[in-house]
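> Got a structure for you, questions after.
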Amino acid sequence: MHNVEMLFSNKAGRRERMLKRQFLNPLFGEVEIKPFDIQEARREDAEDVEHFVNDFRDLVKKVTEMEPGADSGAVLSLKESLDKTYEASAGLAGDQAEIRGMITRLLSMMMQSMWTAVGDDALAISRLEMEEQARQAHFALLEHPFIADLLAADSPVDEKLMVSCLLSEPAETVALAMPLFESEQQQLIYQQGMDLLKGLDTENARVQQAQQRLSEIAALMTPANQQPG
């Protein structure tokens, strides 16, 4: 079984990454992962990359063919497409840093056009500044693979797997992920985490880590939801 672990990629895509989370992890129950499962996940992740690259080429063409002084609606539409494309690139297999850098440069170009258009309008300037700050914060979140997977349109982190995944993550990722949930969802995550850990082997290192994550989640929850110590 441990030989299977050697088959996982260093820069896995979403599907293979989910298998890595589940491998020998008691939080997911008895999940048997065979070499074929990894190969199949990697093949599908590679298809995602291929589709993404084709779509990205088309988008770059649209951006570069945009006429100077194009109307704000067209600029806004392309900018939103670039934002979504960056988000899509974040969870892909392989090293997509070069493409993300290109998207960031294209976004800067689009934003420059918008800055020029607003001129001295103080309210519009303030809105653009807030938008840029929100984008930077969002892109920083996407550097964490679990968060990129969680926010993906075709996320493999479904409702049944979400708590097991979250409790398997490093403390930093959990701290960044929790504010993404409403207070009611945070409460549900905590309760489901408590239920999940009942009966699991407390000598197991993954279970011990999950117990620690659950304590951290209790401390991170919005004040109305915080659990008594």
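The values are calculated or read from the model by the stated rules, or taken from the named source; none is laboratory data. Keep in mind it's a predicted model, so treat the numbers as computed, not measured. Note that we place each Cβ from the backbone using ideal geometry, even for glycine, and neighbour counts take in every protein chain shown.
> Return the only residue of Arg42, Arg57, Arg15 being assigned by TED's automatic domain parsing to the domain that holds Trp115 and surrounded by 18 or more Cβ atoms within 10 Å (Cβ to Cβ).
Only one candidate qualifies: Arg42.
> Still on this model: Search segment 114-152 for residues being small (Gly, Ala, Ser) and touching a helix residue (DSSP H, G or I) at 6+ places or on another chain (Cβ under 7 Å), and hand back the single one that is nearest to Lys84 (Cα to Cα).
Restricting to residues being small (Gly, Ala, Ser) and touching a helix residue (DSSP H, G or I) at 6+ places or on another chain (Cβ under 7 Å), the top hit is Ala152.
> Would you confirm, using the coordinates I've provided, whether Arg100 is assigned by TED's automatic domain parsing to the domain that holds His138, surrounded by 14 or more Cβ atoms within 10 Å (Cβ to Cβ) and under 19 Å from the mean Cα position of the chain (by Cα)?
yes
> Looking only at segment 24-35, filter to residues that are among the hydrophobic types (A, V, I, L, M, F, W, C) and modelled with pLDDT of 95 or more; which one of those is nearest to Ser168 (Cα to Cα)?
Per the criteria, the residue is Leu27.
> Looking only at segment 190-204, count every residue that is among the small types (Gly, Ala, Ser) and within 25 Å of the chain's Cα centre (by Cα) and tell me the total.
1
> Next question. Test Leu78 against the stated conditions and say whether it is at pLDDT 95 or above, hydrophobic (A, V, I, L, M, F, W, C) and over 19 Å from the mean Cα position of the chain (by Cα).
no
> Something else: If Phe146 satisfies all but one of (1) buried (at least 18 other Cβ atoms within 10 Å of the Cβ); (2) in a loop (DSSP other than H, G, I, E, B); (3) not hydroxyl-bearing (Ser, Thr, Tyr), what's the number of the condition it fails?
Status for Phe146: all satisfied but (2).
> Scanning segment 118-168 for residues that are β-branched (Val, Ile, Thr) and over 11 Å from the mean Cα position of the chain (by Cα), which turns out modelled with the highest pLDDT?
Selected residue: Val163.
> Taking the condition of being touching a helix residue (DSSP H, G or I) at 6+ places or on another chain (Cβ under 6 Å) and in a helix (DSSP H, G or I), how many residues in segment 91-113 meet it?
Going through segment 91-113 one residue at a time, the tally reaches 7.
To keep it simple, each residue is scored yes or no on (1) in a helix (DSSP H, G or I); (2) surrounded by 13 or more Cβ atoms within 10 Å (Cβ to Cβ).
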| site | (1), (2) |
| --- | --- |
| Arg135 | yes, yes |
| His138 | yes, yes |
| Met162 | yes, yes |
| Glu172 | yes, no |
| Leu176 | yes, yes |
| Tyr190 | yes, yes |
| Gly199 | no, no |
| Val207 | yes, yes |
| Arg213 | yes, yes |
